[in-house]
Structures are given as structure tokens and as C-alpha cells.
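Colleague: Please see the structure below; I have some questions.
The values are calculated or read from the model by the stated rules, or taken from the named source; none is laboratory data. Since we're looking at a predicted model, the values are computed, not measured. No Cβ is skipped: glycine too gets one built from the backbone with ideal geometry, and neighbour counts run over all protein chains shown. Only protein heavy atoms, including side chains, enter the accessible area calculation; ligands, DNA and RNA are left aside. Shrake-Rupley method; radii C 1.70, N 1.55, O 1.52, S 1.80 Å.
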Amino acid sequence: MTMRGRYLLLLAVALVSACSNTTAPAPSSRATGSWVYGGTQQTPSSAALDGSVSWRSIASGVGAFEGTFTMIERKTSGEVRTLSGAAAGQLLSDSIADFDLLVQGIARRHIGILRADSISGSWASIEAGSSSTGRFVLRRSGP
């Protein structure tokens, strides 16, 4: 499956899950607070991702939240860089989180399952001529 195909599959799963739930979106308070981010980049090259995300509720929509993130990216080649920027998203249902981390002006779309104090799933980023994909886990570290 191509990277674009994987990204579209992620979007389809999120939409089907959101449409199949007849209840209103979960309140954003389930996502607000401080989180520890751990993840991997699988394509186009392997990398480990470790950092933190902090979200607060916003009034523009039920289940909506925004904030900031900081993470360290460690590539298998030995290259290390610090990434930071804006984070925003929403809870689509009781258990589906859909959010973006803006990395150097490019959105990394994350779709994950919220269970208790963790969110886990996949992410994808598509820009002209290239794409990146990976997996992530967020663990709540504070209110």
C-alpha cells in the first residue's frame, strides 16, 4: 500500500468511527492536560520520537482542544533534532482522537484510540513530493 493509501485509510477509519457513533462528541476535558509522547517514524526513514504535548479546551467546538508540543527526533543515521510547534484537534467520539502536530509548517495528522489515560495510533504527513508515516502513544502525565 502506498503512503498516500495509508493516509487515506487512516482518514476513512476516523470518519467511519465518527459517523457510526450516535452520541455527541466527548468533551475536550478528556484530552486536556499534559501528555508524554512516544513514537516512531517508519517512512521515509526510521526515527524514534520522544517528547511532550500540552492541550487546553477551546470554545470553537465540542471536543476541540489546542496547545503545543516539543519532541526529540532521533534518526537511525545518528541525526538528532528538536521539533516543536502548535498542536490542535478534537475528540470525534468517546474513544477516537484526531489531532495535528505542526512540524516545520507541515501537519502530522494523528488518529488514535483514547483508553483511560493513553491515546495510541498512527500518524501521517503528506507534502509535495514526499510523505512520512509512523506510530505513537501518548500517556497522560498531568492535568
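Colleague: By how many nm would the segment from D94 to R115 lengthen if fully extended, with 0.36 nm per residue of separation less the alpha-carbon distance?
Modeller: Going from the current span to full extension adds 6.6 nm.
Colleague: Can you compute the modelled spin-label distance between V80 and Q42, with each label point 7 Å from Cα toward Cβ, in nm?
Modeller: Using points 7 Å along Cα→Cβ, the separation is 2.7 nm.
Colleague: Of the listed peptides 97-107, 38-48, what is their order by residue-averaged count of other C-beta atoms within 10 Å, with the highest listed first?
Modeller: My ranking of the peptides, most packed first, is 97-107, 38-48.
Colleague: Between D50 and R135, what is the label-point separation in nm under the 7 Å Cα-to-beta-carbon projection?
Modeller: 1.8 nm
Colleague: What's the FRET efficiency of A59 with A128 using the Cβ-Cβ distance as r and R₀ = 30 Å, to the nearest 0.05?
Modeller: Efficiency computed from Cβ-Cβ geometry: 0.30.
Colleague: Separate question: Could you check the simple spin-label distance between I106 and T70, using points 7 Å along Cα→Cβ, in nm with one decimal?
Modeller: Reported label-point gap for I106 and T70 is 2.4 nm.
Colleague: Of all accessible surface on the stretch 23-143 at a 1.4 Å probe, what whole percent is carbon and sulfur?
Modeller: Summing carbon and sulfur atoms, their accessible area is 52 percent of the total for the stretch 23-143.
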